[in-house]
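One structure below.
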């Protein structure tokens, strides 16, 4: 099959964003069952993930699962139809959401107690991952070449 210049990097970026958002959604869906892995209990899970005590219950988690899966689907769909204006806007919305989370994470590095699990998870995982995903989603949103069947 012929190689089409300019399609590989945005396709990989779309796959990265789609995979991570889907995995995050599945993890949050898992927590709707009452499971608290990798934490010992719901309170410590909430503190590690959010930096505060919020109940990890279906009414709180299911809307987040829906948002994550919708975002993943929009980015993936845009990678298949990069000239579709609604999918492009949706991918830009995902980019904005990830950018806001990355910026909030930077703020929390100055506002949260350095002795907490959340602080270190935010520093090492959450904020860098959101920043990388925001750049990847922007790459997908800016992609205008048609994806050809391989």
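The values are calculated or read from the model by the stated rules, or taken from the named source; none is laboratory data. Note that the coordinates shown come from a computational prediction; the quantities given were computed from them, not determined experimentally. Note that we place each Cβ from the backbone using ideal geometry, even for glycine, and neighbour counts take in every protein chain shown.
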Item to check | helices (runs of 4 or more DSSP H) wholly inside region 1-92 that include at least 1 residues being modelled with pLDDT under 95 and under 23 Å from residue 142 (Cα atoms) | outcome: 8-31, 58-80
Checklist outcome for this item: Residue hits (region 71-104; touching a residue at least 60 places away in the same chain (Cβ under 8 Å), surrounded by fewer than 19 Cβ atoms within 10 Å (Cβ to Cβ) and within 19 Å of residue 23 (Cα to Cα)) are none
Item to check | Count of residues meeting criterion [surrounded by 14 or more Cβ atoms within 10 Å (Cβ to Cβ) and within 20 Å of residue 95 (Cα to Cα)] in region 31-70 | outcome: 6
